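Read through the structure below, which is laid out as structure tokens, and then see the notes.
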Amino acid sequence: MASEEATGGLQIHPMDQFVVKPLFGGDTLHWYTPTNVTLWMGVAILCIVLLLVVGTRGRAIVPSRIQSIAELAYGFVYKMVEDVAGKDGLKYFPYIMTLFMFIVFGNFLGLIPMSFTTTSHLAVTATMALAVFFGVTILGFVKHGMGFLRLFWIDAAPLALRPILAIIEVISYFVRPVSHSIRLMGNMMAGHAVIKVFAGFAGVLGLGAIFPLAAITAVYALETLVAFIQAYVFAILTCVYLRDALHPHH
């Protein structure tokens, strides 16, 4: 009886939803193995193509709903790049637009029941963050040479404090990809884990599940907002880093 009680009762495993699994069975993962991550990243890319390519191919003067959404997304990111990175940054708009749309669809697709949230994995978010980090660093040195190092030298500070501030600036610069990736991953993972916990309570309580269901509804609504905000934060930070590479002067 004791062993049955130990194995029964409330068992919630909120982190099981983040397990990477092969699509075609088995337990062995290789670098070439198609997984649930592969599937949902492919779905995200397909959705982006349907929205931005197929949905706008008519280019109607009076746009359809899909074309309106695509134009709003385009204008939103374009204005963000122009405002933050300046006119010089607009040539890199396609890359930032790609990042933003991929993260938006990755986040929102993860809200579908039984789906997989690709942006909840550090391997995905860190890859994007490192691409941004190395890209803007290389761009800074290509455009300014060693003058790019002036990014770490704060001319407005008192001379005695400049070396100390330079060390702090260097450390904060190399921490960028860490914060850039973990912020997105952590927010996606935390919200989905909380929903899974409440769902477990709802499954156990039966008729008394109204309170967990209300909590799930509230958290789900919050996650819908967070899904967009985190894509926006990732994109705008990319614009800030791009601005620093283009104009490395305090």
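The values are calculated or read from the model by the stated rules, or taken from the named source; none is laboratory data. Quantities reported herein were computed from a predicted structural model and do not represent experimental measurements. Backbone-built Cβ (ideal geometry, glycine too); neighbour counts: all protein chains shown. Heavy atoms of the whole protein, side chains included, go into the accessibility calculation; ligands, DNA and RNA do not. Shrake-Rupley method; radii C 1.70, N 1.55, O 1.52, S 1.80 Å.
Considering (1) of a type in the set (A, V, I, L, M, F, W, C); (2) over 30 Å from Ala199 (Cβ atoms); (3) touching a residue at least 40 places away in the same chain (Cβ under 8 Å), the lone condition that Met101 does not fulfil carries the number (2). Residue count for the stretch 105-134 satisfying the condition of being open to solvent by 40 Å² or more (accessible area, probe 1.4 Å) and either touching an Asp or Glu at 6+ places or on another chain (Cβ under 9 Å) or under 16 Å from Tyr92 (Cα atoms) (or both): 2.
Could you say whether any residue in the stretch 176-195 is more than 18 Å from Gln17 (Cβ to Cβ) and of a type in the set (A, V, I, L, M)? Yes, that holds for at least one residue.
Of the residues Ile216, Ile195, Ile210, which single one is open to solvent by 40 Å² or more (accessible area, probe 1.4 Å) and either among the polar types (S, T, N, Q) or at pLDDT below 95 (or both)?
Values: Ile216 fails: open to solvent by 40 Å² or more (accessible area, probe 1.4 Å); Ile195 fails: open to solvent by 40 Å² or more (accessible area, probe 1.4 Å).
Selected residue: Ile210, the only one of Ile216, Ile195, Ile210 that is open to solvent by 40 Å² or more (accessible area, probe 1.4 Å) and either among the polar types (S, T, N, Q) or at pLDDT below 95 (or both).
Screening the stretch 20-31 for residues that are in a loop (DSSP other than H, G, I, E, B) and surrounded by 10 or more Cβ atoms within 10 Å (Cβ to Cβ) and picking the one that is modelled with the lowest pLDDT gives Leu29.
Return a yes/no flag: does the stretch 144-152 have any residue that is under 22 Å from Met101 (Cβ atoms) and open to solvent by 50 Å² or more (accessible area, probe 1.4 Å). Full working, then the answer.
Here is the first cut: in the stretch 144-152, the ones under 22 Å from Met101 (Cβ atoms) are none.
Checking the stretch 144-152: not a single residue is under 22 Å from Met101 (Cβ atoms) and open to solvent by 50 Å² or more (accessible area, probe 1.4 Å).
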